[in-house]
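Read the structure below first, then the notes.
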Amino acid sequence: MKVGDQKFLRDLNKKAILKLAKYQGPLSRAEMASLTGLSSTTVSSLVNELINEGVLEEIGEGASRGGRKPILLRFNPDSFLVIGIEIEGDFIAASLMNLDLTIIKKIKKNLLDPSEFGVIREITALVKDLTKEISDEKILGIGIAMTGLVEDGVVKRSINLGWKDVPMGGLLRREIPDIPIYIDNIGKVGVLGKKHAGNDLKKENFIYVRVGTGISANFVLKGEVYRGSKGYAGEFGHMTLEPNGPLCHCGNRGCLEALASGWAIAERMKKIALNNKSCKIWEIVENETEITAKTVEEAARSGDEAALQIYREAGYYLGIGIANLIYLYDPELIVIGGGVSRAGELLMRPLLESLQSRLPDELKDSVKVVPTILGDDEILIGAGALVLDKALQ
């Protein structure tokens, strides 16, 4: 075997041990040998390397099964750090995390210049801010969650940002050459966060529905994230529900995204409020540019009937779309996340009512539909998980 092949195999085996330690540990050397199929000599050598690198650590003795008590090893989450970045149409957020995806520091800013050069400038500044007094060698990588279709670091299309065929990875590597950078669609990043740190670590088949500026549905099937032939699977928001409905950003009419996304909620309220100055939304905002899904949520919580009806309609359409997903994929679990999901019962109650009315009893009992437990940080955590996924691949 060539030296290069030997190194590749050794690195592959080290990653297998690290995966075990992170997701099934603490474990003994003998248990790692049994689970990986590697010899005890190979495992011992690789474990010693990983201990010297600081990624594994001994934590004491385990229970004896006859003979000497084994020394247990665990993954050291503070051995390296990762950076997660979330880019939406109107804001950018970044976080510094350890390898358990615990957020150490977070920054969120309005995205004033959504051009590719404006975004690259913001990312570069955020990375510098987060890594003050931290060497590049300590950073395992940067994970970036983008709205739009992403392929091999190229943003093929982002309606919300107005981008087409932007070589984001290449442009960023010129500014940040010494840290690995991974870029993916925001929905797929979100599902990684769920898989690593959310509701569903033990689930083999689940769907993450993200309801934010856009709407997507991303799948874990048999424990693996499903990406489709070109990585574009999950554009759930462009399923047509009302053929003669409102115009969507994509150019079609009646897409789920045009009926239930954050921008759809805001646009619906703008039309109502401009013709009705008694709407409670005017107690919250000074002009129509301040009307967002969040301010509509505030109006709904204050009892504004127009706002309440908008959320009822959004939940109704989401329930129809999710019923279609259940019939197609028969998942164990569906997790609802994204900024609009923070409305809680305002959205979830009509969504579940609409969904339940469309399912037979057998399916009602077989799938759970729940809100995310990761809150506002779900995409940042997912971006960190993207780095881990690539590093342990």
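The values are calculated or read from the model by the stated rules, or taken from the named source; none is laboratory data. No experiment lies behind these values; they were computed from the predicted model shown. Note that each Cβ is placed from the backbone with ideal geometry, even for glycine, and that neighbours are counted across all protein chains shown. SASA here: full protein model, heavy atoms, side chains in, ligands and nucleic acids out. Shrake-Rupley method; radii C 1.70, N 1.55, O 1.52, S 1.80 Å.
Couple of notes before you dig in:
- Binned Cα-Cα distances of segment 247-393, short to long, each 5 Å bin given as a whole percent: 2, 9, 16, 17, 17, 16, 11, 7, 4, 1, 0, 0
- Nearest-0.05 FRET efficiency for Glu288 and Tyr232, computed from C-beta distance (R0 41 Å): 0.75
- Which of Leu355, Gly382, Val335, positive extreme of dipole for segment 326-393 (C-beta unit charges): Gly382
- Packing-based ranking, highest mean first, of 71-77, 264-270 given that Cβ atoms within 10 Å are counted: 264-270, 71-77
- With every protein chain in place, segment 207-306: carbon and sulfur % of accessible area (1.4 Å): 48
- Shape of segment 79-236, Cα gyration tensor, a/c cut at 1.5: oblate
- With Cα atoms, 0 to 90° folded angle of helix 305-329 axis to the chain main axis: 50
- Exceedance of the 29 Å cut-off in Cα-Cα distance is limited, within the set Lys15/Lys69; Lys108/Lys156; Lys7/Lys194; Lys294/Lys390; Lys156/Lys194; Lys128/Lys390, to Lys7/Lys194; Lys294/Lys390.
- Nearest 10 degrees, 0 to 90: helix 345-356 Cα axis against the chain principal axis: 90
- Projecting the Cα atoms of Val211, Leu308, Tyr23 onto the charge dipole of the chain, computed from C-beta unit charges around the Cα centre, puts Tyr23 farthest toward the positive end.
- Sorted into 5 angstrom bins from 0, the C-alpha pair distances of segment 269-330 split as 4, 18, 25, 18, 10, 8, 8, 5, 3, 0 percent.
- Computed E for Lys390/Lys69 - FRET, C-beta separation, R0 41 angstrom, nearest 0.05: 0.65
- As a length-normalised measure over Cα pairs under 8 Å and 6 or more apart, the relative contact order of segment 262-393 settles at 23 percent.
- For Rg/Rh (Cα atoms, Kirkwood Rh), calculated from these coordinates, the label among (1) 1.02; (2) 0.97; (3) 1.24: (1)
- Vicinal HN-Hα couplings computed from phi for segment 251-267 (Karplus, 6.51 cos²θ - 1.76 cosθ + 1.60; Hz; Gly/Pro x): x, 8, 10, x, 5, 3, 5, 7, 10, 9, 7, x, 5, 5, 4, 5, 5
- DSSP bridge pairs, the chain: antiparallel proportion in percent, nearest 5: 65
- Segment 207-247 and segment 99-133 have Cα centres lying 27 Å from one another.
- Kirkwood Rh in Å, taken over all unlike Cα pairs in segment 335-392: 13.4
- Proportion of all alpha-carbon pairs of segment 14-155 beyond 28 Å (%): 38
- Cβ charges +1 (Lys, Arg) and -1 (Asp, Glu), total dipole of the chain, debye: 820
- Accessible area in square angstrom per residue, the chain, 1.4 angstrom probe: 48
- The chain, relative contact order [Cα under 8 Å, separation at least 6], %: 15
- Under 5 Å, built H, 5+ apart or other chain: amide partners of Asn76: Leu56, Glu57
- For the peptides 170-179, 383-392, the ranking by packing is 383-392, 170-179, with the highest mean count of neighbouring Cβ atoms within 10 Å listed first.
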